[in-house]
Structure formats: structure tokens, C-alpha cells
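Student: What follows is a structure written as C-alpha cells; I'll ask about it next.
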Amino acid sequence: MKKLYQYLQIVFKLGIINVTYVIWYRISLKSGIRKYFFPEKVFTNNEELFQPSNPRTDYPTSWKIKILTSADRIIKGEFYFYTYHWIKAGIPPDWFRNYFNSKVYSDSKLHWTKLSDFSNVGDIKNVWELSRFEWVVTLSKAYAVSGKNDYLEVLNLLLNNWKVKNPLNIGPNWKCGQEASIRVFNLINASLILNQELIPSKSLCDFIYAHLQRINSNILYAIAQDNNHGTSEAAALLIGGHWLKSSGFAYPKASTFSKNGRKWIENRIMKLVEDDGSFSQHSVNYHRLLLDTLIFTEYWRQKLEVKTFSKDFYRKVESIMEWLSSMTDDISGNCPNLGANDGALFLNLHSCEYRDFRPSLQTAAAIFNTEKIFDDGNWDEPLYWFGRLSKTRERIIKKKISKLFTGGYIILYASNSWSLIRFPNYRFRPSQNDVFHFDLWFKGKNIIHDSGSYSYNPPKNEKVMDFNSVNAHNTVSFDNQEQMPVISRFLLGNWVEANEIGAINNQPGGDLSWQGAYTDRRGNIHKRIVKNKGNIWIIEDQLSGNFKVATIGFNLLSEYLFSKGCTIKTSWGEIIFKDGTSFEIIESYSSNYYMEMHPTKRVEIYIEKPQSFITEIHLKP
């Protein structure tokens, strides 16, 4: 009953239309009605999807080694999961195996509407990952720059095997429309890499057409989620529909697909993106995923000479770019590990590290504004494949300034450090208990960091911490309770509302400050004031209420960490609080990549009565 009450509280926030549609969707699945909208089909065209082509002779040599090394591993049966884990899976791999626990999906021959969201294999993303086809792009690039037939042969072998093992609408790899959309992106981009985008094979066109049929028939479910599923699926319909119309083959629904895609991509950007660029999903990686989706959309719109979007659409895109740029560290190219991190890297046309966000920003600036925002580097590779490497203006230097984003983010820039602070302003559902989380960057390192998210469905037999918990973030918990109760795997209740969200106070002498406050559902009040004075960051937590113990926690970059009295010394500076404070440094974990976690240190400070508590962070000059 308590959970039912919490559900009812947030129905209006989620949207009655969305909730009603999802209820109908689940009923239609259970009853078997939905199955009839998705006919089964065996792929009978045995023509190779990709044909031989001439190698590219103008590809920069400095980029070639990484591509060929990765492609060589693939043709030996190793695959790159989440752009981090190389795993031996064989040629061809088992498309229904979770290679992180070796379990095989037991119902792979059933219609996707009959499959449970949570099966015997554990995290279904570990099954889906190979079927996102990122290896298609890698093998295509390797063949394009080397002319080595082995890469093309393995590419076609894997695709033909996938088609045999995964008839349309049968098995888990057809269960999610966004997964089908990602395959469309990678297949169409591969046709570009191989110079076959305007003369594709009939087999490739048929394959993509089948994907678009699957996506189009279920897109309202993606729209009801108010997240990246809607944007990804709309973009796939728009791009795929126009691409098929340019192929020279007749597809009766191609125009319908492109029209629906255009309608929904404009609708999603207008609804889900704030004027300042904040997205409905409170996640840096999902923000990049959104930007990558828009890069593909605009590139192919230009390439296929399709009508432009509205001025408001492009204004929103500019704000999306500005948001992500503000979150990107200038030295490392990395971003705070804010929110859910599912390992997705849509713009996989480069060989940069997964946590380098410069390729997306550089490419977006070139595609939308024909300019560069970074100096030349490995992040320029997507511009080569898009034919824009020599068609952009010189670097446009934009000085970063401290800024408040209405989606719930404060960025404070000091001389050689900067911070991110989360505050509650939930027009869309929150995913983590991270209210007033504090993130600190110093000389390119994330010294006080978010712990990440690891997995959406972690193994039950492993002792895995709750990465979404308040106790995994750099903020305050009262009596070890969550700021918002967990109702289900992806839903929190009693969304926190702020009592106060202050403006950024930027003093003429360079001092910065910001403050905000909220009251939790038990009546406890947390007011956090963050100040910067050069190399010193000061966090003042004003705590009041009927709590027994309030815990102030910080995840620390573990470099030469030890404590002396109430001072914690590190390689990058010191954390200081008043003498006599009860605290401990505990072993914890962080996750920078999906299905990866590593040991780290966390300091927890225990406060047993209402008071104002100050933590000072002194950075080395």
C-alpha cells in the first residue's frame, strides 16, 4: 500500500498520457495482442550486405594502427564490450550469451513480445551489446583503410550469421526498439565508410527496412518513456527512411518512416530539452548519446539534401552542445560520472577513449556550425569519415564561465579547478539519490567524484554496492536513509523539492559561492553552501531536524591517502575539518564503465546533532 501511494503521488509528474499508454502496452503484451503488429520473418536474401570497394589512400597514418589492431582482435574472435572489455567470444559469437556470466538466453526462439524484461541471463544489456553492431564500424574502417579482404569477409560472415540466428521479431535482440535503432546507425554509417551509401546492396536495404518496420510499429512506447529511446528511434526512422528512398530500390513505407521520424525528433527535442540544454535524463553519458544522435541526424539530413529543421530545434541543439561543453574538462576531455552510465558510445567513428567527450563536441560543432572548438587531435577522426576534416573554420575559443543550469546543475570555475553541484529540479524522473552531490576537478583529475552506476541489473550472487544510493554520492544522508525512496529499479518516489536555490555569487576579487536547501520527507533540512577562494574550496553543510546521525560522504581519488588528526592528506592536497570530528576512511568502489568497478576510498563524517559543519579542501598550488 505504501508503494501504491508513492506511485499515485508521481503519476501526474510522469504524465497521465504516458502512464496510461505504458499500462495499455503491458496489457497488450500479456494478452498477446501486441504480437500481431510484429510479424515474424526469415531473412531470405543471401547477398552479402557489403561489397568490395577501393581502399582510401588519404587516411592519416597516425590513426591507422588503433583501427587495425582492434579489427585484428575481432577477426580472431574478440569483441569490445562497452568500449572497455575485450572478451573472447568466437567467430561467430553466441548472440544470446551473457559473456559476463556465461549464461545463455533460454527463450531465444520466442517472439520478442513473449519475453520477460528480466531473464535467466541477468543483465540483458550484456546480451544486447554484441548486437548493437559496433564491430561493424570497426571492421568497415579497417577494410576501408587497408583493403585487406579478411576484414570484409568476417564482416559479412558475422552479419549473415546474425540474420540467420535472429529472424525478424524473434528473440531478445528484437525486444528493444532503441537496440534496433543503434544497429541502423552503425549499418548506415558503415555504408558511408565503404563508399556504398548511395549504391547499397539490396540485402542491406532489406535488412534496414525490417529494422525500421520494428521501430515504427512500437515507437509510441519509446515516446512514453520521455528519454533517449524516443530520440534514438525517431532519428533512426528519419535517417533510415530517407536513406532507403535514395537507395534506388522501392520501399512502400520509407516515406512514412521518414515523416514519423521527423515529427518525433522535433517533438522530443522541444519537450525533453530545457532552453539551457538540460536533458530529461540526469546523465552526462545520456546527454552525449543525445548529441551523437543529433549529429547523425543532421549529417544525413545534409547529405541526403532533406529539408532543414525549425529554428527552435537548432537553438536547442546549440544549448545541448553548450551544456556538454560546460561539463567537459579542458585538460582530460572527461566529464563528471553523473547519473546513469550504460556504456553507450554512438559516435564510434574514432579511436579515442570512451570517457573522452571531445570527439562528440568537435564533430557537433563542425556539423552544425562548421567550426572547431578544440585544437587538432584524435577526436577529429569522425570529421574525416564525414568528409568535413578540411571544411571547418579554425578553433573557436569559448571561455568557460560559472553557470546555473535549470535542469539541476551548478558549474563553478576557479583558476585551476572546477566543481559541479547537483540540485533538485525534477521536471522528469530522477534516477539517483544525488541531491547536492559535489564533484571536484583539479588539473584534469576528478579528485572528488561520483561513483557511477556499474550495471542496471547486477549479479545477485555478487556483493555489489548500490551505486544509485545517497551513500555513493558526495552529499549528506540522514540516518542512512535515501533522499528519495526506491519504488522500482528505475523509479524513485517523493521527488525532492528545493526550499532554496541561490544564484551564483561571483565576487570581483575572484571568490565564488552558491547555496541551496531542501527538506526531506522526514522533516530534516540540508542547506549546502559551496565557496571557492583560489585553491581552497569550502563546503558548509547546515543540518537540522530530528535525525540521530547525519553522514557527510566524499568519494576520493585514492592517491597516497592518509589521515593525521582531522586532516586527510593526499597527493593533490588536504581535506580539513574541525578537531574532534568523528569520521573514517572506508573502502568503497567506483565504476567508470559499464560492468566495471574498481576500489576507491570514501571518507564519511558523522554528525550527531543539528549544526553547521565546514569541510575545507586545500589544493596544492
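Student: Taking the Cα atoms of the range 40-395, report the difference between the largest and smallest coordinate on each principal axis, in whole Å and largest first.
Tutor: Sorted largest first, the three principal extents are 49, 45, 43 Å.
Student: For the range 513-605, run through the GluC sites (Glu not before Pro) and keep only the ones in DSSP coil with at most 14 other Cβ atoms within 10 Å of their Cβ. Could you put the intermediate results ahead of the total?
Tutor: Values: sites: GLU540, GLU559, GLU574, GLU584, GLU587, GLU596, GLU604; in loops: GLU559, GLU596.
The qualifying sites are GLU559.
Student: Counting other Cβ atoms within 10 Å of each Cβ, which trypsin sites (Lys or Arg not before Pro) in the range 97-149 have at most 14 and sit in a DSSP loop?
Tutor: Working: sites: ARG97, LYS103, LYS109, LYS114, LYS125, ARG132, LYS141, LYS148; in loops: LYS109, LYS148.
Passing both the DSSP loop test and the Cβ count: LYS109.
Student: Counting other Cβ atoms within 10 Å, keep those with at most 12, restrict to DSSP loop, and tell me which chymotrypsin sites (Phe, Trp or Tyr not before Pro) in the range 59-138 are left. Walk me through the numbers on the way to the answer.
Tutor: Numbers: sites: TRP63, PHE79, TYR80, PHE81, TYR82, TYR84, TRP86, TRP95, PHE96, TYR99, PHE100, TYR105, TRP112, PHE118, TRP128, PHE133, TRP135; in loops: TYR82, TYR84, TRP95, PHE96, TYR99, PHE100, TYR105, PHE118, PHE133.
Counting only loop positions with at most 12 other Cβ atoms within 10 Å, the chymotrypsin sites (Phe, Trp or Tyr not before Pro) in the range 59-138 are PHE118.
Student: In degrees from 0 to 90, rounded to the nearest 10, what is the angle of the helix 311-327 Cα long axis to the longest principal axis of the chain?
Tutor: Orientation of helix 311-327: about 50 degrees from the principal axis.
Student: Take MET327, MET270 and order them by how many other Cβ atoms sit within 10 Å, fewest up front.
Tutor: Numbers: MET327 22, MET270 12.
Fewest-to-most ranking of MET327, MET270: MET270, MET327.
Student: Quick one: ILE199, ILE538, ILE373, fewest Cβ neighbours within 10 Å first, how do they rank?
Tutor: ILE199, ILE538, ILE373
Student: Using helices alone, what [θ] at 222 nm do you get for the chain, with -39,500 (n - 2.57) per DSSP H run of 4 or more residues, divided over all residues and rounded to the nearest 500? Show your work: numbers first, answer last.
Tutor: On the way: 15 runs with 207 residues, N = 621.
After summing the helix terms and dividing by the residues of the chain, the value is -10500 deg cm²/dmol.
Student: In nanometres, what is the gap between the two model label sites at ASP330 and ARG26, each 7 Å from Cα along Cα-to-Cβ?
Tutor: Between ASP330 and ARG26, the label points sit 4.9 nm apart.
Student: Right, another one. Would you mind ranking VAL154, VAL42, VAL549 by Cβ crowding within 10 Å, fewest neighbours first? Spell out each step's value before the answer.
Tutor: Values: VAL154 21, VAL42 9, VAL549 13.
In order of increasing Cβ crowding within 10 Å: VAL42, VAL549, VAL154.
Student: Can you give me the P(r) profile for the chain? Cα pairs, bins 20 angstrom wide beginning at 0, each as a whole percent.
Tutor: Spelled out per bin, shortest first, that is 19, 53, 26, 2.
Student: Please compare each pair in LYS13/LYS578; LYS533/LYS564; LYS64/LYS601; LYS35/LYS165 to a cut-off of 31 Å on the Cα-Cα distance and tell me which ones are over it.
Tutor: Working: LYS13/LYS578 42 Å; LYS533/LYS564 24 Å; LYS64/LYS601 39 Å; LYS35/LYS165 20 Å.
Exceeds cut-off: LYS13/LYS578; LYS64/LYS601.
Student: Between the range 303-365 and the range 40-113, how many Å separate their Cα centres?
Tutor: When both Cα centres are located, 25 Å separates them.
Student: While we're on this one: So if the hydrodynamic radius of the range 496-618 is defined as the Kirkwood radius over C-alpha pairs, what does Stokes-Einstein give as its diffusion coefficient at 10 °C and 1.306 mPa s, in µm² per second? Walk me through the numbers on the way to the answer.
Tutor: Working: Rh = 16.2 Å.
The calculation lands on 98 µm²/s.
Student: Here is a further query. At 0.36 nm per residue, minus the direct Cα-Cα distance, what do ILE65 and ARG393 gain on full extension? Give it in nm, one decimal, please. Can you show the working numbers first?
Tutor: On the way: separation 328, 0.36 × 328 = 118.08 nm, distance 2.78 nm.
Fully extending the segment from ILE65 to ARG393 adds 115.3 nm.
Student: Lys/Arg Cβ at +1, Asp/Glu Cβ at -1, dipole of the chain taken about the Cα centre: which of THR570, GLY15, GLN515 is farthest positive-ward?
Tutor: Toward the positive end, the furthest listed residue is GLY15.
Since every read-out is calculated from the coordinates, none of them should be taken as a lab result. Bear in mind the structure is a predicted one, so any value in this text is a computation, not a measurement. FYI the Cβ positions are ideal-geometry reconstructions off the backbone, even for glycines, and counts take in every protein chain you see.
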